[in-house]
Amino acid sequence: MSRNDREFRIWRGEGGEGGFVSYRVEVNEGEVVLDLVHRLQATQAPDLAVRWNCKAGKCGSCSAEVNGRPRLLCMTRMSVLPPDEPVVLTPLRAFPSVRDLVTDVTFNYAKAREVAAFVPPAGLAPGEYRMRQEDVARSQEFRKCIECFLCQDTCHAVRDHEENKAAFAGPRFLMRVAELDMHPLDAADSTGLDRRASAQDSHGLGYCNITKCCTEVCPEHIKITDNALIPLKERVADRKYDPLVWLGSKIGRRPRD
Ligand code: SF4
Ligand code: SF4
Ligand code: FES
């Protein structure tokens, strides 16, 4: 087991007011960034605020920025960081700072509530739903989401444009709309809800210019852009510009892919 000391520069403060504080801390082979944050809490900074829960990449709580990149602190090995530079830890930039590394992610829960829930098919009770694996294979990938909101933090449409937040749901929740639109049993149509139109009109799909930054930071390796957002854009375009689809919607029948 090898040991060495590393410099950490951690943003400390409350409500957006604060600055960087430097620490030196012992690092052991195999450790992740969250181990070092815990060691600092135990030895030098007992009041350092950080959110975490599982330490296994599954709860999505420990999201922060390491050297400016959105990451899970518990899944970032020290060995992947440049060995000769300080490790810089900052809170998620796209959301309001609460204290130190903790941010207020209320925005994401508000956007989650704006996506209309799955509409069960008429005439079937829970337990009677039947789907073939091939019909759910595409959207099953999206269910791996741990709601860490790293994709929401990195998306420039949110990160650099506070003014877009009201109109733009962000990649995680556009992916949720895509999942429901692909769901073989979702009966949203029967209630008059057009999920494709709502993606564009209510959830801001047009703000996405498919840069794929969200995909690059997803710790679950979900291909958010290629498998959810681009297909959703294609389905929205089909619906908008195909005259037969338009006619179908006018006479109450909506062809599906
Ligand atoms: S692909 Fe779209 S949603 Fe993802 S980061 Fe880029 S603009 Fe944002
Ligand atoms: S899609 Fe990936 S990056 Fe976005 S919230 Fe889910 S797990 Fe996190
Ligand atoms: S502590 Fe749960 S994902 Fe990091």
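Just so you know, all these numbers are worked out from the coordinates, no wet-lab data involved. Just so you know, these numbers come straight off a predicted model, no measurement behind them. All Cβ positions, glycine included, derive from the backbone under ideal geometry; neighbour counts span all protein chains shown.
The angle separating the long axis of helix 33-43 from the principal Cα axis of greatest extent in the chain is about 40 degrees.
Simple point charges give the picture: +1 on the Cβ of Lys and Arg, -1 on the Cβ of Asp and Glu, and for the stretch 103-162 a dipole about the Cα centre of about 260 debye. According to the square roots a ≥ b ≥ c of the eigenvalues of the Cα gyration tensor, what is the shape class of the stretch 56-196, taking rounded for a/c under 1.5, prolate for a/b larger than b/c otherwise, and oblate for the remainder? Judged from the Cα gyration tensor, the stretch 56-196 comes out prolate (a/c at least 1.5, a/b above b/c). The slack between residue 56 and residue 109, meaning 0.36 nm per residue of separation minus the straight C-alpha distance, is 16.8 nm.
Summary value for the chain: 16 percent relative contact order, contacts being C-alpha pairs under 8 angstrom separated by 6+ residues. Measuring between their Cα centroids, the stretch 150-174 and the stretch 120-138 lie 32 Å from each other.
In terms of the Cα gyration tensor, with a ≥ b ≥ c the square roots of its eigenvalues, is the stretch 1-65 rounded because a/c is under 1.5, prolate because a/b exceeds b/c, or oblate? Since a/c reaches 1.5 but b/c is at least a/b, the shape of the stretch 1-65 is classed as oblate. Principal-axis analysis of the Cα atoms of the chain puts helix 230-241 at an angle of about 30° to the longest axis.
The gain in end-to-end length when the residue 122 to residue 138 segment is fully stretched comes to 3.4 nm, 0.36 nm per residue minus the alpha carbon separation.
Considering only 149, 219, 123, and ranking their Cα positions along the charge dipole of the chain that arises from unit charges at the beta-carbon of Lys, Arg, Asp and Glu, the one farthest toward the positive end is 123. Label reach from residue 201 (point 7 Å along Cα→C-beta): in the stretch 129-170, amide nitrogens under 19 Å belong to 166-170.
State whether the chain is rounded, prolate or oblate according to the following rule on the C-alpha gyration tensor (a ≥ b ≥ c being the square roots of its eigenvalues): a/c under 1.5 gives rounded; otherwise a/b larger than b/c gives prolate, and the remaining case gives oblate. Judged from the Cα gyration tensor, the chain comes out prolate (a/c at least 1.5, a/b above b/c).
Axis angle, to the nearest 10 degrees, between helix 171-182 and the longest C-alpha principal axis of the chain: 30 degrees.
In a simple Cβ point-charge model (Lys, Arg +1; Asp, Glu -1; nothing else charged), the chain has a dipole of about 560 debye relative to its Cα centre. Of the peptides 24-32, 228-236, the order by per-residue mean of other Cβ atoms within 10 Å, starting with the highest, comes out as 228-236, 24-32. Toward the positive end of the charge dipole of the stretch 3-103, with +1 on the Cβ of Lys and Arg and -1 on the Cβ of Asp and Glu, the farthest Cα among 101, 63, 79 is that of 63.
Here the stretch 1-148 is treated with +1 on each Lys and Arg Cβ and -1 on each Asp and Glu Cβ, and its dipole about the Cα centre works out to around 340 debye. Listed by chain and number, the aspartates and glutamates whose C-alpha is less than 13 Å from the C-alpha of residue 55, apart from same-chain residues fewer than 8 away, are 31, 35. Its relative contact order, with pairs defined as Cα atoms under 8 Å and 6+ residues apart, puts the stretch 106-250 at 28 percent. Given the DSSP H assignment, sum -39500 (n - 2.57) over each helix run of at least 4 residues in the chain and divide by its residue total; what's the result at 222 nm in deg cm²/dmol, nearest 500? Value at 222 nm, helices only: -8500 deg cm²/dmol.
Just to verify a number: FRET efficiency for residue 129 and residue 85, C-beta to C-beta distance, R0 = 51 Å, to 0.05? FRET efficiency, residue 129 to residue 85: 0.45. Protection proxy ranking for 135-146, 112-123, using the average of other Cβ atoms within 10 Å per residue and placing the highest first: 135-146, 112-123.
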